[in-house]
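Step one of this worksheet: look at the structure below.
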Amino acid sequence: MLHPELEILLEIQDLQTLRRDIAAAEYAAAGIPVDVEAFTQRLTERIAEREAQLSPRTQSVYKRVAKRHERVVAPVLNGVCYACFVHVPTSRGRDKGRNTELRTCESCGRFIYYTD
């Protein structure tokens, strides 16, 4: 089970990726009929809605990290943050409910979640 705000952050990250991808030339070349401007606007509105659902503290960290990094959330696999590839302290990842708390990487500052 993931922390509710972590779920929101992952959704925001996916929506931002979709917004970036839909504007790419490869997307248009694929022949997918879509009004890029309207769809981009809908995605931007949805991102803003989801950002508003975050707590003020989480919003602050999110905005700070987003200024420096495209990806704000990263998985941790085998004790390694897969954004900066630095080992996360072992004691942080041993908890049974480790994904029920909102955590950040001590090295890169991104929000992290454990996959193993």
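The values are calculated or read from the model by the stated rules, or taken from the named source; none is laboratory data. Keep in mind the model is a prediction, meaning the values are calculated, not measured. Virtual Cβ from ideal backbone geometry, glycine too; neighbours counted across all protein chains shown.
Scanning the stretch 31-55 for residues that are among the hydroxyl-bearing types (Ser, Thr, Tyr) and assigned to a loop (DSSP other than H, G, I, E, B) yields one hit, Ser55.
Do the conditions hold for Glu101, that is, is it in contact with a Pro (Cβ under 8 Å, 6 or more places away or on another chain), outside any helix (DSSP H, G or I) and surrounded by fewer than 16 Cβ atoms within 10 Å (Cβ to Cβ)?
On the way: in contact with a Pro (Cβ under 8 Å, 6 or more places away or on another chain): no; outside any helix (DSSP H, G or I): yes; surrounded by fewer than 16 Cβ atoms within 10 Å (Cβ to Cβ): yes.
In short, no.
Could you identify the single residue in Gln41, Gln16 that is closer than 15 Å to Glu70 by Cα and among the polar types (S, T, N, Q)?
Numbers: Gln41 fails: closer than 15 Å to Glu70 by Cα.
Every option except Gln16 fails the conditions.
Pairs meeting the criteria (first residue in the stretch 4-16 and over 14 Å from Thr100 (Cβ atoms), second residue surrounded by fewer than 16 Cβ atoms within 10 Å (Cβ to Cβ) and among the β-branched types (Val, Ile, Thr), beta carbons under 7 Å, at least 6 apart or on different chains) are lacking.
Within the stretch 56-85, if we keep just the residues that are part of a loop (DSSP other than H, G, I, E, B) and exposed (fewer than 13 other Cβ atoms within 10 Å of the Cβ), the residue that is modelled with the highest pLDDT turns out to be Phe85.
The numbered conditions (1) outside any helix (DSSP H, G or I); (2) of a type outside the set (A, V, I, L, M, F, W, C); (3) surrounded by 17 or more Cβ atoms within 10 Å (Cβ to Cβ) are all true for Gln16 except (1).
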